[in-house]
Amino acid sequence: MRGDNDVTIRRLGADDVELVIDRRIAFFCETRGWTVEEMPAAFIAANRAFIERTHCRTFHTWIAEAGDECVGVISIVVSDAPPRPEELRERDGYIINMHVDTSHRSRGIGRLLVNACMDGCEAIGVRRFTLYATDDGRPLYESVGFADEHGWMNRYS
């Protein structure tokens, strides 16, 4: 998927496990103000084990690339859920790690990432998307159909 400003949105595949791990650790470093050296080794190891076990099965990631540089990321954890009388689809998605590098914000990259994630998950039957929004992110999520429910935001597709 191609966006404005020569940004490409790409779903990461089975060959991209190292990139998924790198982007998740980079996300935590930036949002927590840590360096990779300050990141607890046990946390890095636990994330590596989780991603190696779940990537492309229940954990899916899309990135925004500007040239060879990754400028944004979004991941989703998909879980099974029982059908309801009004909704027979059996999957819910928890969006995590939504992040666009500071120097690339306000260019529509976040919207491209959210839409790519939701479009990609539609094919596997995700019926509801949930996330926890920051104050900065809330307007974006509301603009694509999420509703605030006590800090948590949900969107039913």
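The values are calculated or read from the model by the stated rules, or taken from the named source; none is laboratory data. Computed from a predicted structure; not experimentally measured. Virtual Cβ from ideal backbone geometry, glycine too; neighbours counted across all protein chains shown.
Points to keep in mind about this one:
- Taken over the stretch 86-126, residues that are assigned to a helix (DSSP H, G or I) and either surrounded by 15 or more Cβ atoms within 10 Å (Cβ to Cβ) or hydrophobic (A, V, I, L, M, F, W, C) (or both) amount to 13.
- Residue count, the stretch 67-85 (criterion: surrounded by fewer than 19 Cβ atoms within 10 Å (Cβ to Cβ), at pLDDT 95 or above and either of a type in the set (Phe, Trp, Tyr) or under 26 Å from residue 105 (Cα atoms) (or both)): 1
- Residue that is modelled with the highest pLDDT, among those in the stretch 1-21 that are small (Gly, Ala, Ser) and either within 16 Å of the chain's Cα centre (by Cα) or surrounded by 14 or more Cβ atoms within 10 Å (Cβ to Cβ) (or both): 13
- Tabulated pairs, the stretch 130-148, first surrounded by 14 or more Cβ atoms within 10 Å (Cβ to Cβ), second of a type in the set (D, E, K, R), C-beta under 6 angstrom, 6+ apart or interchain: 145/155; 146/155
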